[in-house]
Ligand code: ADP
Ligand code: MG
């Protein structure tokens, strides 16, 4: 699921002829001040955190500025935010408009109906989940003709738009439907769609691109989601690596064993801090690479829990021992191993030669790593 930041969604709106305020994305307070001072952003302006979570308005991640200096300060404040766990890296500056009414419009894929739905509500500007069902109109759309004239007129009636505004809504919905189809979206949401000086203007955008169509959209490949820098490196190397907030590193193979290992540690009062799923590999170099990545996450202790199948125990042991020699003395951590399965004896022998004992029992090995990590809190 590729969720686009507001400014990317608005760029698509523009491409499909949907009206949006003019704006600029910045990554520093200096840049914000410069653009506003140069007149590239109209004053007064709105300063908006470009995070994927909603509720920015209420959460202090949308601010207003009346001068270049204010835009600078607001940008600096927002760039420092950790909004619902997401670091703000980009800020959108756009002209502040005088809002008449705030409406809601979206096209979403409804998996239970197996069809797109056109959703409209006169109560925009708040999260749609908080709007009473009776105030929301849903029309299933036949994907072949797309949104028809009748459906567009019904949306206008629901939103109480007449005359020029009804005409503008008609054009906007045609644009939104083209976007939904051509860009392989699963959601195109405009909330709020504002009435400003008798015209419609999309003040926010939420666009989600269908994952299965990602191969048709290389333009989104560089989009970072909420991965940590180490997770980003891991992704490039095709290693399944996830950082959590505890202190024990877990290396296992296969999603099932990896999850079960995390469960056992939690059960015993341990706190997993990072886990790595070696999957099926027969290349010791890949194991070395993965282990070095784990070392960079600075775990207090590491639990290696391997069931040798496609991934043979000796492959893992060889890769691991090579990696241990590359970790600087100051970064070393206790390692508890449990390796079972294919080529178990060879693997255990390789580890023993490097000073690591394999504990065959799951509970005993998990207890040993929790103790090595400083015991239960
Ligand atoms: P979120 O959905 O994350 O809260 P929005 O982009 O919807 O963020 O902005 C929240 C509120 O801020 C909007 O409902 C609107 O009232 C106000 N707002 C957003 N953009 C503008 C703008 N360009 N001019 C004036 N008000 C705006
Ligand atoms: Mg919004």
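The values are calculated or read from the model by the stated rules, or taken from the named source; none is laboratory data. Keep in mind that what you see is a predicted model, and the values were worked out from it rather than measured. Cβ atoms come from the backbone with ideal geometry, glycine included; neighbour counts cover every protein chain shown.
Here 49, 32, 76, 65 are screened, and the one residue that is under 27 Å from the mean Cα position of the chain (by Cα), more than 16 Å from ligand 2 (Cβ to nearest atom) and buried (at least 20 other Cβ atoms within 10 Å of the Cβ) is 32. Looking at this structure, is residue 70 more than 16 Å from ligand 2 (Cβ to nearest atom), at negative phi, in contact with a strand residue (DSSP E or B) (Cβ under 9 Å, 6 or more places away or on another chain) and touching a residue at least 60 places away in the same chain (Cβ under 8 Å)? Spelling it out, it is not the case that residue 70 is more than 16 Å from ligand 2 (Cβ to nearest atom), at negative phi, in contact with a strand residue (DSSP E or B) (Cβ under 9 Å, 6 or more places away or on another chain) and touching a residue at least 60 places away in the same chain (Cβ under 8 Å). State whether the residues of segment 175-190 include one that is modelled with pLDDT of 95 or more, touching a strand residue (DSSP E or B) at 6+ places or on another chain (Cβ under 7 Å), over 15 Å from residue 118 (Cα atoms) and not assigned by TED's automatic domain parsing to the domain that holds residue 48. Yes, that holds for at least one residue.
Screening 76, 98 for residues that are in a loop (DSSP other than H, G, I, E, B) and in contact (Cβ under 8 Å) with a residue 40 or more places away in the chain leaves exactly one candidate, 98.
Take segment 180-194 and flag every residue that is assigned to a helix (DSSP H, G or I) and either buried (at least 22 other Cβ atoms within 10 Å of the Cβ) or within 13 Å of ligand 1 (Cβ to nearest atom) (or both). Break it down stepwise before answering.
As a first pass, look at segment 180-194 and keep what is assigned to a helix (DSSP H, G or I): 180-182.
Selection gives 180 alone.
For segment 1-22, the tally of residues that are touching a helix residue (DSSP H, G or I) at 6+ places or on another chain (Cβ under 8 Å), at pLDDT 95 or above and buried (at least 16 other Cβ atoms within 10 Å of the Cβ) stands at 6. So, of the residues in segment 319-355 that are farther than 14 Å from residue 249 by Cβ and in a loop (DSSP other than H, G, I, E, B), which turns out to be modelled with the lowest pLDDT? Among residues in segment 319-355 that are farther than 14 Å from residue 249 by Cβ and in a loop (DSSP other than H, G, I, E, B), the one modelled with the lowest pLDDT is 328.
The residue list 35, 43, 79, 103 contains one member that is in contact with a strand residue (DSSP E or B) (Cβ under 9 Å, 6 or more places away or on another chain) and within 11 Å of ligand 1 (Cβ to nearest atom), which is 103.
Could you list, in sequence order, all residues of segment 103-161 that are within 14 Å of residue 181 (Cα to Cα) and in a loop (DSSP other than H, G, I, E, B)? Result: 141, 142, 143, 144, 145, 146, 147.
Given the criterion touching a residue at least 12 places away in the same chain (Cβ under 8 Å) and more than 21 Å from residue 19 (Cα to Cα), identify the matching residue among 156, 135.
Working: 156 fails: more than 21 Å from residue 19 (Cα to Cα).
Of the residues listed, the single one that is touching a residue at least 12 places away in the same chain (Cβ under 8 Å) and more than 21 Å from residue 19 (Cα to Cα) is 135.
The set of residues in segment 199-239 being under 27 Å from residue 159 (Cβ atoms) and either within 16 Å of ligand 1 (Cβ to nearest atom) or at pLDDT below 80 (or both) consists of 199, 200, 201, 202, 203, 204, 205, 206, 207, 208. Do we find that residue 360 is within 17 Å of residue 291 (Cα to Cα) and either surrounded by fewer than 19 Cβ atoms within 10 Å (Cβ to Cβ) or assigned by TED's automatic domain parsing to the domain that holds residue 280 (or both) in this structure? No: the conditions fail for residue 360.
So, residue 172, is that one surrounded by 21 or more Cβ atoms within 10 Å (Cβ to Cβ) and either part of a helix (DSSP H, G or I) or within 16 Å of ligand 2 (Cβ to nearest atom) (or both) or not? Give the steps one after another, and end with the answer.
Working: surrounded by 21 or more Cβ atoms within 10 Å (Cβ to Cβ): yes; either part of a helix (DSSP H, G or I) or within 16 Å of ligand 2 (Cβ to nearest atom) (or both): yes.
It is true that residue 172 is surrounded by 21 or more Cβ atoms within 10 Å (Cβ to Cβ) and either part of a helix (DSSP H, G or I) or within 16 Å of ligand 2 (Cβ to nearest atom) (or both).
Here residue 25 fits the description: touching a residue at least 40 places away in the same chain (Cβ under 8 Å) and either in contact with a helix residue (DSSP H, G or I) (Cβ under 7 Å, 6 or more places away or on another chain) or assigned to a loop (DSSP other than H, G, I, E, B) (or both).
Residues in segment 195-213 that are more than 16 Å from ligand 2 (Cβ to nearest atom) and in a loop (DSSP other than H, G, I, E, B) were compared, and the one that is surrounded by the most Cβ atoms within 10 Å (Cβ to Cβ) is 210.
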